[in-house]
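Student: Encoded as structure tokens, here's the structure I'll be asking about.
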Amino acid sequence: VHHPGPLAHHPTALIPAGPGVVSGWGGLGVPGDERRGVDMAALVRHAPLTRGLGRAYGDSALPAPGDRWVAGSALADRLLAFDTQSGLLRAEAGVSLRELRRLLLPRGWFVPVTPGTQFVTLGGAVASDVHGKNHHESGTIGRHVQAVQLALADGRVVRASRDHHPDLFAATLGGQGLTGHVLEVELAMARVPSPWIFQESERVPHIERFVEALTQAGPRWPFTVGWIDCLSRGAHLGRGTLMKGRWADPGEGPTHFPPVLRRVTFPAPLPGWALNDWTVWAFNQLYYWKQPQRWKTGIVHPETFFYPLDAIHQWNRMYGRRGFTQHQIVIPREAGTAAVVRYLELLSSLGGASFLCVIKDCGEEGEGLLSFPKPGMSVALDIPIRPDTQAMVDRLNRFALDVGGRIYLAKDTFSRADDFQEMERDRLPRFLEVRRHWDPEGHFRSAQSVRLMGW
Ligand SMILES: Cc1cc2nc3c(=O)[nH]c(=O)nc-3n(C[C@H](O)[C@H](O)[C@H](O)COP(=O)(O)OP(=O)(O)OC[C@H]3O[C@@H](n4cnc5c(N)ncnc54)[C@H](O)[C@@H]3O)c2cc1C
């Protein structure tokens, strides 16, 4: 089932997800399989890569050309130790953030940083050095990781931390699985005052106000994120909704524990015609006006706040069998609000029909040698695969290069090696040096690493 059009020229020749295909969340993959087992150390012995729950959108968790399989960590999900005083957790890499929420939130603990879905593993979160709505305050998850246990290319199992093999530790945070198989993670969990969230949402009329509102909210709210209607133009360019939140104080929320939420499953891939500029326009209108008042405050369920997309299982099927990709850029603070406005103008002029365009301000850069966030505005958007997708991603990357920005590897499928290497010219040599030191034979690789780094 070779893909009918645009992906025929993709360097790793991606095909639609289906039986016998290892795929990313964007619905594209390569022939091969994922082997799971409860004994990770045994499972990964000859594996060229480990993946978690496959929530990376692009090809970072896919086997490289010639490698027909990858190890899957999802069954290796034991909690090994938890200190109820300090909150230090030691767990196998396959445990999901959903499981951690289920087990530890009732006891007053939550992960210090969470991405927009709880269906990711701890190992996957470390390998992407994920950021969340609190990046401006809490950094990436790597800041809270005390150590990882890694199976290396030569078969040794080592513990890496800030004191022990610090180069390996820093390269593993955000290293997309290219330094070794993460077997265990030691993570400092965050104590929370209650299991509920106090949220304030604000309708914002245009992009300049959005940047200002996000920046002003940062010092006052631990969690901030904005949704933008990226089909809007002119005076409404970049209008959207800004969500701000904090853990509710005891007594502020209901006395009962947040109930289990009912989820629905997206039944089947939508036919190609269903998603078009009109349906996306209609969605954006509805979403913008669903809150008629400008400001709204109240107590909300933590899953509704952190994981709105998780309410619909397999929502990625909405994009049909052709799949989709995501592009996430951080526009550095030095480039100013004017650069964010120019980026929104560019998105609006390119079209590309995106339901989801998310803006977030990023705080200080972390230790991960290839981690994504740096101070500035991150803008992420879904792009359904069309014949011009490659050209669109090229154009967005050209913008990133012009403003000194960078892209997020966990989302990427289409960036060209030249663009990526140019964007990462200051950091990539060090990452490759560490990678080469610990894996001189180039044992660890993914479809993405071959596409962007050549090995
Ligand atoms: C709806 C949605 C919302 C998201 N929101 C955010 C967000 O807000 N912020 C953010 O930062 N990210 C976000 N992401 C991206 C997601 O957090 C990352 O892609 C994460 O790495 C996925 O974890 P996973 O367990 O599914 O790993 P996979 O997708 O299976 O793998 C991702 C990478 O991690 C590596 N890896 C996984 N497990 C191991 C291991 N045990 N040892 C070594 N390497 C390993 C893989 O090789 C691969 O390179 C989102 C994704 C989705 C689908």
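The values are calculated or read from the model by the stated rules, or taken from the named source; none is laboratory data. Not measured: the values here are computed from a predicted model. All Cβ positions, glycine included, derive from the backbone under ideal geometry; neighbour counts span all protein chains shown. Areas reflect the complete protein model, heavy atoms only, side chains present, ligands, DNA and RNA absent. Shrake-Rupley method; radii C 1.70, N 1.55, O 1.52, S 1.80 Å.
Student: Let me know the number of lysine pairs in the chain closer than 12 Å at the Cα, not counting same-chain pairs under 8 apart. Each step should come with its number before you reach the end.
Tutor: Numbers: LYS133/LYS244; LYS133/LYS360; LYS244/LYS296; LYS244/LYS360; LYS360/LYS374.
Pairs that pass both the separation and distance tests number 5.
Student: Under the rule that a partner needs its Cβ under 4.7 Å from the first Cβ, which Cys of the chain have none?
Tutor: Cysteines lacking a close Cβ partner in the chain: CYS362.
Student: Counting only protein heavy atoms and a 1.4 Å probe, tell me what percentage of the chain's accessible area is made up of carbon and sulfur.
Tutor: Looking at the chain in its full context, I get 54 percent from C and S.
Student: Within a Cβ distance under 14 Å of ALA170, other residues only, what is the Lys/Arg minus Asp/Glu net charge?
Tutor: -1
Student: Using a simple charge model, +1 on the beta-carbon of Lys and Arg, -1 on the beta-carbon of Asp and Glu, nothing else, what dipole does the range 1-152 show about its Cα centre, in debye to the nearest 20?
Tutor: Dipole about the Cα centre, nearest 20: 280 debye.
Student: Shifting gears a bit: Name the shape class, rounded, prolate or oblate, that the alpha-carbon gyration tensor gives for the range 186-253, where a ≥ b ≥ c are the square roots of its eigenvalues, rounded holds for a/c under 1.5, and otherwise prolate holds if a/b is larger than b/c and oblate otherwise.
Tutor: Prolate, because a/c is 1.5 or more and a/b exceeds b/c.
Student: Could you list which residues have their amide H under 5 Å from that of LEU88, counting only those 5 or more apart in sequence or on another chain, with H placed in the peptide plane?
Tutor: So LEU88 has HN proximity to ASP83, MET189.
Student: Considering only GLY272, MET377, ILE141, whose Cα is most displaced toward the positive end of the charge dipole of the chain, charges sitting on Cβ of Lys, Arg (+1) and Asp, Glu (-1)?
Tutor: GLY272
Student: Considering only protein heavy atoms, what is the solvent-accessible area of GLU364 at a probe of 1.4 Å, reported in Å² to the nearest 10?
Tutor: Accessible area of GLU364: about 120 Å².
Student: Mind checking the per residue accessible area of the range 8-124 for me, 1.4 Å probe, whole number of Å²?
Tutor: Working: 4550 Å² over 117 residues.
On a per-residue basis, 39 Å².
Student: I need the phi-derived Karplus couplings for the range 225-239: 6.51 cos²θ - 1.76 cosθ + 1.60, θ = phi - 60°, integer Hz, Gly and Pro marked x.
Tutor: Result, ordered by residue: 6, x, 9, 10, 7, 8, 9, 6, 9, x, 5, 9, 3, x, 6 Hz.
Student: For VAL157, VAL21, give me the order by solvent-accessible area with a 1.4 Å probe, most accessible first, ignoring ligands, DNA and RNA.
Tutor: Numbers: VAL157 75, VAL21 25 Å².
If we order VAL157, VAL21 from most to least accessible, we get VAL157, VAL21.
Student: Compute the Cα gyration tensor for the range 265-323, then decide on rounded, prolate or oblate, letting a ≥ b ≥ c be the square roots of its eigenvalues: rounded whenever a/c is under 1.5, prolate when a/b is larger than b/c in the other cases, and oblate in all that remain.
Tutor: Oblate is the answer for the range 265-323, as a/c is 1.5 or above yet b/c matches or exceeds a/b.
Student: If you count, for each residue, the other Cβ atoms within 10 Å and average over each peptide, how do 214-223, 255-264, 398-407 line up from highest to lowest?
Tutor: With the highest mean Cβ count within 10 Å placed first, the list reads 398-407, 214-223, 255-264.
Student: Right, next: Near the amide H of ASP33, under 5 Å away, which other amide H atoms are found, from residues 5 or more places off or on another chain, if H is placed in the peptide plane?
Tutor: Those qualifying (amide H under 5 Å, at least 5 residues apart or on another chain) are TRP69, VAL70.
Student: From the helices alone, meaning DSSP H stretches of at least four residues, give me the mean residue ellipticity at 222 nm for the chain, per-run term -39500 (n - 2.57), in deg cm²/dmol to the nearest 500.
Tutor: -7000 deg cm²/dmol, from helical runs alone.
Student: Now a separate question. Just subtract the alpha-carbon distance of ALA268 and HIS256 from 0.36 nm times their residue separation and send over the number in nm, one decimal.
Tutor: Gain in length upon complete extension: 0.7 nm.
Student: Assigning unit charges at the beta carbon (Lys, Arg +1; Asp, Glu -1) and nothing else, what dipole magnitude in debye, to the nearest 20, does the range 293-350 show about its Cα centre?
Tutor: Using Cβ point charges on Lys, Arg, Asp and Glu, the range 293-350 gives about 200 debye.
Student: Just to check I understand the Karplus step: with θ = phi - 60° and J = 6.51 cos²θ - 1.76 cosθ + 1.60, what whole-Hz values come out for the range 31-43, glycine and proline as x?
Tutor: x, x, 9, 10, 9, 10, x, 7, 9, 4, 4, 6, 4
Student: Here's a follow-up. Work out the charge dipole of the range 303-455 with +1 on the Cβ of Lys and Arg and -1 on the Cβ of Asp and Glu about the Cα centre, then indicate which of GLN421, LEU346, MET392 is farthest towards its positive end.
Tutor: Result: MET392, furthest along the dipole toward the positive end.
Student: If you count only protein heavy atoms with a 1.4 Å probe, what accessible area per residue comes out for the range 383-455, rounded to a whole Å²?
Tutor: About 41 Å² of surface per residue is accessible.
Student: Taking +1 at the Cβ of each Lys and Arg and -1 at the Cβ of each Asp and Glu, which of ALA248, ILE228, GLN216 sits farthest along the dipole of the range 207-252 towards its positive end, judged by Cα position relative to the Cα centre?
Tutor: Going by the Cα projections, it comes out as ILE228.
Student: Same structure again: Could you sort the peptides 266-272, 431-437, 445-451, 296-302 by per-residue average Cβ neighbour count (10 Å cutoff), highest mean leading?
Tutor: Numbers: 266-272: 12.6, 431-437: 17.6, 445-451: 24.9, 296-302: 15.6.
Result, highest mean first: 445-451, 431-437, 296-302, 266-272.
Student: Where the only charges are on Cβ atoms (+1 Lys, Arg; -1 Asp, Glu), what is the dipole of the chain about its Cα centre, to the nearest 20 debye?
Tutor: My answer is approximately 900 debye.
Student: Now a separate question. Once amide H atoms are built 1.01 Å from N in the peptide plane, which residues 5 or more positions from ARG51, or in another chain, come under 5 Å H to H?
Tutor: ALA71, GLY72, SER73
Student: While we're here: Ordered by residue, what ³J(HN,Hα) values in Hz, to whole numbers, does the range 192-205 give under the Karplus form 6.51 cos²θ - 1.76 cosθ + 1.60, where θ = phi - 60° and Gly and Pro are x?
Tutor: Using θ = phi - 60°, the values come out as 10, x, 7, x, 10, 10, 8, 10, 10, 10, 9, 7, 10, x Hz.
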